[in-house]
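Structure, as structure tokens:
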Amino acid sequence: MRLLVTGGCGFIGTNFILMMREAHPDWNIVNLDLLTYAGNRLNLLPLEASSRTASGGDYSFAHGDIRDPEFVSALLEEHRIEAVVNFAAESHVDRSINDPAPFVSTNVQGAQNLLERARRHGVERFVQVSTDEVYGTLGPEGRFSESTPLAPNSPYSASKAGADLMVRAYVETYGLDAVITRCSNNYGPYQFPEKLIPLMFLKALRDEPLPVYGDGRNVRDWIFVDDHCRGVELALLKGRAGQAYNFGGNAELPNIELVKTLLDLLDKPHSLITFVKDRPGHDRRYAMDYGLASRELGFEPRVSFSQGLTQTIEWYRDNAAWLDQVQSGAYRDFMDQWYGERK
Ligand code: NAD
Ligand code: DAU
């Protein structure tokens, strides 16, 4: 397959490309990434160095913007792309609260540009990587299914919902063969240290206070990144055009329990936990019913939360240089401002 992956230098995109390279060494993979603060080309540098596999597959990196019509068209043409998986996005909820504009621009307009280019160039399959956050929030009971109405609460989730609706319009209006995946909270290697698990890991190692929002009872359904990547692969290969598929990890946890577990694994005291001002519009609980993906695609998460968390901690311990290197000035500026306001 000749596949365009966007956002492949981010957390999930990196893991996806590494997994696809192993699983399908005959595929030609083009990775289009703008290299924002969250994108790191070094993640996949070994693939650039030995781009061609023994099975004839290839890997190449293209530095560019999913919002650029000419650039995307040229890539699709040059590589005769058959399928697109769109991971590229502004992905952090807190940043979207600070400044929604880049979220609308990349997540909605960027996705629309990719859809339009895909349509014009006869791309055979398009996968839009979306999120459970488009459904909004749950009370103590129930789970999100694919028929749950979209009710996003943050500028981030509203922008992702906007893209999902655009995908729907391209399927209905132009007959584009596109599917949507909606997954819960990922964790694992290469996650940028603004998200809960790597941020708390970093703070704990430095014996700094761990900032838990509100009462710490907000619940997330955690999934190891490899399980999400397998879900995206299944949607790419077997998904029904026009269908959205939920993926979850069967690991619902209140944030405070997760943070305590992490501290215990790192042998650090719970006294490092500091409750700070809540995130505005903070969704209370997410939980996924992934029965449709299970029945139609054969999806099941394979990695338990305790296995995945141990593996993740080991990766961050072994990759301290990676953690240092991704903390740019822009990263530090945002963190200082955001957490300064939460005290
Ligand atoms: P990330 O922030 O780690 O990576 C995003 C990548 O997109 C970066 O490499 C960045 O450089 C690139 N990018 C941003 N704007 C771009 C543009 N205009 N053009 C080209 N590239 C651009 O994000 P992630 O956590 O890996 O998430 C990937 C996708 O999965 C996103 O669409 C996100 O909404 C979705 N998702 C994430 C999670 C999660 O828990 N992290 C869960 C469900 C869905
Ligand atoms: O559910 C899928 C979504 O998961 C993805 O679509 C998003 O791209 C991804 O960023 C993630 O969003 P969350 O907002 O759920 O993830 P985050 O790691 O930012 O926060 C997880 C929970 O931890 C949330 O309830 C807020 C809380 N939190 C987070 C941070 C960064 C804290 O209590 N303190 C913190 O410092």
Point to revise | Yes/no for Asn98 being out of contact with any Lys or Arg (no Cβ under 6 Å at 6 or more places or on another chain), within 15 Å of ligand 2 (Cβ to nearest atom) and under 16 Å from Gly8 (Cβ atoms) | key: no
Study note, to complete from the structure: Those residues of the range 83-117 which are touching a strand residue (DSSP E or B) at 6+ places or on another chain (Cβ under 6 Å) and more than 15 Å from ligand 1 (Cβ to nearest atom) amount to Ala83
Check your understanding: Is there a residue being within 30 Å of Leu253 (Cα to Cα), among the hydroxyl-bearing types (Ser, Thr, Tyr) and modelled with pLDDT of 95 or more anywhere in the range 120-134?
Key -> yes
Review point. Looking at (1) of a type in the set (A, V, I, L, M, F, W, C); (2) surrounded by fewer than 23 Cβ atoms within 10 Å (Cβ to Cβ); (3) in contact with a Cys (Cβ under 8 Å, 6 or more places away or on another chain), can you tell me which one Ile223 breaks?
Key: (2)
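Does Asn250 meet the test of being under 20 Å from the mean Cα position of the chain (by Cα), buried (at least 20 other Cβ atoms within 10 Å of the Cβ), among the polar types (S, T, N, Q) and at pLDDT 95 or above?
Here the answer is no, as Asn250 does not meet what is asked.
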Practice item. State all residues of the range 164-198 that are touching a residue at least 60 places away in the same chain (Cβ under 8 Å), of a type in the set (A, V, I, L, M) and part of a helix (DSSP H, G or I); if no residue qualifies, say none. Key: Val171, Leu196, Ile197
Point to revise | Positions within the range 131-145 being closer than 18 Å to Gly242 by Cα and either in contact with a Leu (Cβ under 6 Å, 6 or more places away or on another chain) or surrounded by fewer than 16 Cβ atoms within 10 Å (Cβ to Cβ) (or both), in sequence order | key: Val134, Ser145
Review point. Which of the residues that make up the range 24-47 are within 16 Å of ligand 2 (Cβ to nearest atom) and surrounded by fewer than 20 Cβ atoms within 10 Å (Cβ to Cβ)?
Key: Thr36, Tyr37
Review point. Does Lys203 fit the bill of being farther than 16 Å from Val129 by Cα and either more than 16 Å from the chain's Cα centre (by Cα) or away from ligand 2 (no atom under 16 Å from the Cβ) (or both)?
Key: yes
Point to revise | Residues of the range 1-25 that turn out to be in a loop (DSSP other than H, G, I, E, B) and over 15 Å from the mean Cα position of the chain (by Cα), as a count | key: 3
Point to revise | All positions within the range 72-93 that are surrounded by fewer than 17 Cβ atoms within 10 Å (Cβ to Cβ) and part of a helix (DSSP H, G or I) | key: Ser73, Ala74, Glu77, Glu78
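When you scan the range 26-69, how many residues do you find that are among the polar types (S, T, N, Q), in a loop (DSSP other than H, G, I, E, B) and modelled with pLDDT of 95 or more?
Residues meeting the conditions: 2.
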Check your understanding: Can you tell me which residue in the range 148-163 is nearest to the chain's Cα centre (by Cα), limited to those that are part of a loop (DSSP other than H, G, I, E, B) and among the small types (Gly, Ala, Ser)?
Key -> Ser154
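I'd like to know if the range 226-248 contains one or more residues that are farther than 23 Å from Asp318 by Cβ, part of a strand (DSSP E or B), more than 12 Å from ligand 2 (Cβ to nearest atom) and touching a residue at least 12 places away in the same chain (Cβ under 8 Å).
The answer is yes, given that some residue of the range 226-248 is farther than 23 Å from Asp318 by Cβ, part of a strand (DSSP E or B), more than 12 Å from ligand 2 (Cβ to nearest atom) and touching a residue at least 12 places away in the same chain (Cβ under 8 Å).
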Point to revise | Cross-chain or 6+ apart pairs with Cβ under 7 Å, the range 319-343 first and within 16 Å of ligand 2 (Cβ to nearest atom), then among the hydroxyl-bearing types (Ser, Thr, Tyr) | key: Leu323/Tyr316; Tyr331/Tyr37
Exercise for review: Tell me which residues, restricted to the range 18-52, are in contact (Cβ under 8 Å) with a residue 40 or more places away in the chain and within 11 Å of ligand 1 (Cβ to nearest atom).
Suggested key: Leu32, Asp33, Leu34, Thr36, Tyr37, Ala38, Asn40, Asn43
Review point. Among helices (runs of 4 or more DSSP H) lying entirely in the range 255-343, which contain 3 or more residues that are surrounded by 13 or more Cβ atoms within 10 Å (Cβ to Cβ) and at pLDDT 95 or above?
Key: 255-265, 291-297, 305-318, 329-341
Study note, to complete from the structure: Condition set charged (D, E, K, R) and under 18 Å from the mean Cα position of the chain (by Cα), scope the range 30-72, selection farthest from Arg95 (Cα to Cα): answer is Arg41
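The values are calculated or read from the model by the stated rules, or taken from the named source; none is laboratory data. Not measured: the values here are computed from a predicted model. Backbone-built Cβ (ideal geometry, glycine too); neighbour counts: all protein chains shown.
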